[in-house]
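The values are calculated or read from the model by the stated rules, or taken from the named source; none is laboratory data. Note that the structure is a prediction, hence the values are computed from the model and not measured. Here Cβ is always computed from backbone atoms with ideal geometry, including for glycine, and neighbour counts include all displayed protein chains. Accessible surface areas use protein heavy atoms only, side chains included; no ligands, DNA or RNA. Shrake-Rupley method; radii C 1.70, N 1.55, O 1.52, S 1.80 Å.
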Amino acid sequence: MHTTITNHIEIDREQRSVRKDGQAVHLTGLEYDILEFLSAHPNRICTRQMLLDHVWGDRFLYDTGTIDVHLNALRRKLDWTKKEPIETIRGAGFVFHIEQKITYYTIDLQKFLIDWLRSRETEINAKGLVAQMHLTPFVNEITIEPKALRQMLDSILTALLPSAQPGVLCLRSKLTMQYFILSLDINGTINELRIPIYGDFDAS
């Protein structure tokens, strides 16, 4: 499914395709990867090293000038300038400028977590784990996109379950001045999920 990332430009991350004004735009694999990475991290500086690690990885030796070659080709194909929407910040990296429209969701945290644990009940029971939940009494709700929270919780549980031994899984919460902290404890192995009270969070 195509989603709009900026005026006239849509991207489909599943099909790795791009459209401009409804018409398909042919991008090379590297050009698409640069666009996808920068558009997924809007309005923040992405360093050259971040791009090299994400797009090129350790597949071969490269120099940072390679980025400029592919970025300039991307700009030409999409009729973008050197400042909008992707701006090159000399000595720092690149910024993908997007006027963000933020939707806030306030969810009943206790109900959400209970439903989440129940949705993973078969997986948890298969490992001989018993789920427990401890919420800070004064934390009843949190403002976050439910899909993003579920995605983050699932990623932590998936990482822990393969090595989990029969025992107790505890889900605890704590509120600080800066973060809402969810802790998943499986047999003493603790992973924390820190959700900033103010600012951006990353659901990837």
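Before moving on, here are some points about what is shown:
- Length added when fully stretched, Ala24-Met50, from 0.36 nm per residue minus Cα-Cα: 6.6 nm
- Carbon and sulfur %, accessible surface of the chain computed with the full protein complex present, 1.4 Å: 51
- Under the Karplus curve 6.51 cos²θ - 1.76 cosθ + 1.60, θ = phi - 60°, whole-Hz ³J(HN,Hα) for the stretch 177-191, x wherever Gly or Pro sits: 5, 10, 10, 9, 10, 9, 10, 9, 10, 10, 6, x, 8, 10, 10
- Reachable aspartates and glutamates, given that their alpha-carbon falls under 16 Å from the alpha-carbon of Lys82 and they are not under 8 places away in the same chain: Glu31, Asp68
- Thr66/Glu14 FRET efficiency (R0 22 Å; Cβ-Cβ; nearest 0.05): 0.25
- Full extension of the chain segment joining Lys82 with Asn187 gains 32.6 nm, where the gain is 0.36 nm per residue of separation less the Cα-Cα distance.
- Annotation: Val168 carries an accessible surface of approximately 60 Å², with a 1.4 Å probe and no ligand, DNA or RNA atoms counted.
- Over the chain, accessible surface divided per residue gives 61 Å², non-protein components excluded, 1.4 Å probe.
- Ignoring lysines fewer than eight residues from Lys174 along the same chain, the ones with Cα atoms less than 30 angstrom from its Cα are Lys101, Lys111, Lys127, Lys147.
- Helix 146-160 and the longest principal axis of the Cα set of the chain meet at an angle near 70°.
- Rounded to 10°, Cα long-axis angle of helix 109-119 versus longest principal axis of the chain: 90
- Tilt relative to the chain, helix 29-39 - C-alpha long axis, 0 to 90 degrees, to 10: 60
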